[in-house]
Amino acid sequence: MKSTAGEHRRRMPLPVAERRMLLAGVDLLAVNGALLLALAVRPRYELGWRLLMQHPQWFLLLCAIWIFLAHAFDAYDLRIAGQISTTLPAAIKAGLATSLLYLVIPFLTPVLPNSRLEIALYPLLTLLLLGAGRILYTQILAQPFFDRRVLIIGTGPPAASIDQAIRKYGDGTYRVVGHIENLPVYPGWDQVSVSAGSAAEAEYPQPASSRSSRVAPGYSPEVLGDGAALPELVKRYQVTTLILATIGEENGQLLQSLMDCLEQGVEILPMAFLYEQLTGRVQVENVGGHWSVAMPIYHLGTGALWPMVKRAMDILLSALGLVLLGLFLPFIALGIYLNSRGPIFYSQQRVGKGGRIFMAWKFRSMIVDAEKETGAVWARENDPRITQAGTLMRKARLDELPQLWNIFKGEMSLVGPRPERPEFVAQLASQIPFYRVRLAEKPGLTGWAQVKYPYGDSVEATLVKLQYDLYYIKHQNIFLDLLILLKTVQVMLGFKGR
């Protein structure tokens with residue numbers, strides 16, 4: 001796998017952020033180009049820069065709508081964008097939604113065309129140009145010329161996690177060429193040759209916990225060398241990115257090698273940073289002493305302005321939602337009562353921000369006294385306790401809508417981690433690290449975990465959902481909240497709930 005310096009210079013490795021920016025640029029050229037061509041068929045407009053200068057608001061608004069809807073349809077998920085079979089459906093859905101929404105916005109966009117042909121022309125041009133751009137992207141950026149070649153520093157559980165995340169979510173952006181073994185730091189370690197291997201370990205024996213974490217169970221990484229060999233391995237394998245996935249501190253030799261590589265323009269990323277970027281989740285199982293990775297010390301929720309903005313959104317949208325819910329309440333109530341005699345509403349204790357207990361309201365979707373014999377248990381697939389009307393409501397997530405009242409009262413928010421029952425919180429907090437961190441935020445009617453992961457009825461599934469919840473707490477902003485709400489509407493309309 002040796003290569004010449006000339007071959008190295010001919011590579012142009014692109015990181016995830018740059019790939020997404022490049023793809024967004026291609027898409028924006030497509031949607032704006034389609035609008036220009038659609039306007040050019042009308043006598044009152046002339047194709048050229050003058051049109052852009054006279055009406056910049058038309059094109060800026062179009063860009064904003066596209067970016068938001070493209071994210072809602074996962075058009076910038078690199079796993080989806082990297083394959084023609086998945087990128088074209090995502091681009092077509094987002095393009096169709098963008099063009100139709102743009103056509104019906106009054107006053108801010110060009111006057112609606114007069115003929116049916118012109119009405120159909122803009123969406124058609126949008127889909128054609130978007131499709132061409134996406135095909136071009138998959139054919140060009142799938143080449144090794146643009147890959148980032150990765151060496152993972154470490155062989156333990158964190159290294160296994162990031163290796164698996166790259167292979168599953170990286171879609172060729174990062175390609176793992178191997179691992180570097182980081183020998184732990186012990187008194188006098190720097191005076192021992194880092195290539196001594198087992199002899200060094202014999203002189204400075206490791207604690208049992210350290211020995212077991214050197215290599216993740218069931219994981220067989222390809223170890224290319226140790227810290228001393230790092231600069232030479234970077235040149236030999238044309239490495240562009242080093243990922244720090246170590247347990248404990250790095251030894252002096254490795255730190256010196258890392259600085260040598262940094263001077264040569266090699267990218268150095270903490271495992272946790274790349275894991276979040278690729279998966280939209282926060283790693284909580286293998287953080288070791290780096291507890292701040294899983295506990296966001298500062299986020300918008302700790303400030304003053306964002307909580308005020310979010311609370312204003314909650315009051316406005318929940319009040320509007322309660323009015324609309326009131327219009328449909330008689331029909332929903334009749335369906336519940338005819339299918340299963342008993343109360344229409346159901347209340348249940350849930351744990352809110354700071355561990356406070358409150359009563360969350362729902363439409364009853366199960367038979368009366370569903371847990372009388374079993375106590376508190378998770379709902380499961382094909383649960384016999386769920387009524388026919390309840391099955392329909394759960395698929396459309398209508399059973400949760402009475403919690404708009406909890407939102408209006410301030411016990412919940414529109415977006416946040418879903419509130420859990422006290423019995424489950426106590427159990428999960430003892431089994432899952434950092435589980436109680438999710439209680440730092442108000443629970444939500446919907447959340448990042450709900451739109452990214454199916455219903456979970458086990459501790460393992462709850463762990464994955466916790467990773468998504470912590471990502472939301474860490475990265476929350478108005479764009480992410482609106483994106484989650486739009487994805488929730490998609491789930492409801494597609495009957496994808498459970």
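Derivation of every value follows stated rules applied to the coordinates shown; laboratory data play no part. This is a predicted model, so every value here is computed, not measured. Note: ideal-geometry Cβ built from the backbone for every residue, glycine included; neighbour counts use all protein chains shown.
Remarks
- Here the dipole of the stretch 402-498 is about 160 debye; that uses its Cα centre as origin and unit charges on the Cβ of Lys and Arg (positive) and Asp and Glu (negative).
- Legend: ranking of residues W448, W49, W306 from fewest to most surrounding C-beta atoms inside 10 Å; resulting order W49, W306, W448.
- Pairwise centroid distance, computed over Cα atoms, of the stretch 259-276 with the stretch 98-159, Å: 30 Å
- Neighbours of F68, meaning other residues whose beta-carbon lies under 14 angstrom from its beta-carbon, give a summed charge of -1 when Lys and Arg score +1 and Asp and Glu score -1.
- Relative contact order (percent, whole number), the stretch 397-498, Cα cutoff 8 Å, 6+ residue spacing: 32 percent
- Listed peptides 136-149, 272-285 appear in the order 272-285, 136-149 once ranked by packing, highest mean of other Cβ atoms within 10 Å at the front.
- Among the listed pairs K235/K474; K93/K353; K409/K452; K168/K310; K310/K395, those whose Cα-Cα separation exceeds 29 Å are K235/K474; K93/K353; K168/K310.
- Peptides 150-162, 357-369 ranked from most to least packed give 150-162, 357-369, packing being the mean of other C-beta atoms within 10 angstrom over each peptide's residues.
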